[in-house]
Amino acid sequence: MSGYPAGRMGIDPRAKSAFLWGVVGTLSFLVLVQSYALFATPLVTITQALALGIAVGLGAGSGAYLLEPRFAAWAADRSRGNESRKG
């Protein structure tokens with residue numbers, strides 16, 4: 001036995017999605033910093049860029065985890081043609 005409840009294996013899909021959005025946020029920020037460094041004087045050291053990238057990734061992952069249910073509900077309402085809800 002693997003220790004998982006019946007029918008549930010692996011990480012929660014919502015947590016996995018949030019983690020992947022955090023990775024995308026981190027890598028996107030680091031690409032942006034490196035791209036800027038190619039064309040101008042680097043703004044931060046690589047250590048500072050990594051720390052900022054991790055902070056951006058944590059923010060992106062947290063935002064994705066917290067906002068995903070709201071966006072899913074909004075998309076479901078929109079697909080049903082229920083435009084009466086605003087926001």
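The values are calculated or read from the model by the stated rules, or taken from the named source; none is laboratory data. These numbers were taken from a predicted model, which means no experiment stands behind them. Neighbour counts run over all protein chains shown; Cβ positions are idealised from the backbone, glycine included.
Return yes when Phe71 is part of a helix (DSSP H, G or I) and either touching a residue at least 12 places away in the same chain (Cβ under 8 Å) or not aromatic (Phe, Trp, Tyr) (or both) and no when it is not. No: the conditions fail for Phe71.
Scanning the range 31-62 for residues that are polar (S, T, N, Q) and under 30 Å from Ala15 (Cβ atoms) yields Gln34, Thr47, Gln48, Ser62.
For (1) touching a residue at least 24 places away in the same chain (Cβ under 8 Å); (2) closer than 25 Å to Leu67 by Cα; (3) touching a Phe, Trp or Tyr at 6+ places or on another chain (Cβ under 6 Å); (4) surrounded by fewer than 16 Cβ atoms within 10 Å (Cβ to Cβ), each residue gets a yes or a no:
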| site | (1), (2), (3), (4) |
| --- | --- |
| Ala18 | yes, yes, yes, no |
| Trp21 | yes, yes, no, no |
| Leu30 | no, yes, no, no |
| Leu38 | no, no, no, yes |
| Pro42 | no, no, no, yes |
| Thr47 | no, no, no, yes |
| Leu52 | no, yes, no, no |
| Ala55 | no, yes, no, yes |
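Report yes if some residue within the range 52-67 is in contact with an Asp or Glu (Cβ under 8 Å, 6 or more places away or on another chain) and either at pLDDT below 95 or not hydroxyl-bearing (Ser, Thr, Tyr) (or both); otherwise report no. No: the range 52-67 contains no residue that is in contact with an Asp or Glu (Cβ under 8 Å, 6 or more places away or on another chain) and either at pLDDT below 95 or not hydroxyl-bearing (Ser, Thr, Tyr) (or both).
With the condition kept exactly as written, say whether any residue in the range 74-84 is within 17 Å of the chain's Cα centre (by Cα) and free of Cβ contacts under 8 Å to residues at least 12 places away in the same chain. Within the range 74-84, not a single residue is within 17 Å of the chain's Cα centre (by Cα) and free of Cβ contacts under 8 Å to residues at least 12 places away in the same chain. Taken over the range 40-50, the criterion of being small (Gly, Ala, Ser) and closer than 11 Å to Leu30 by Cβ is satisfied by Ala49 alone.
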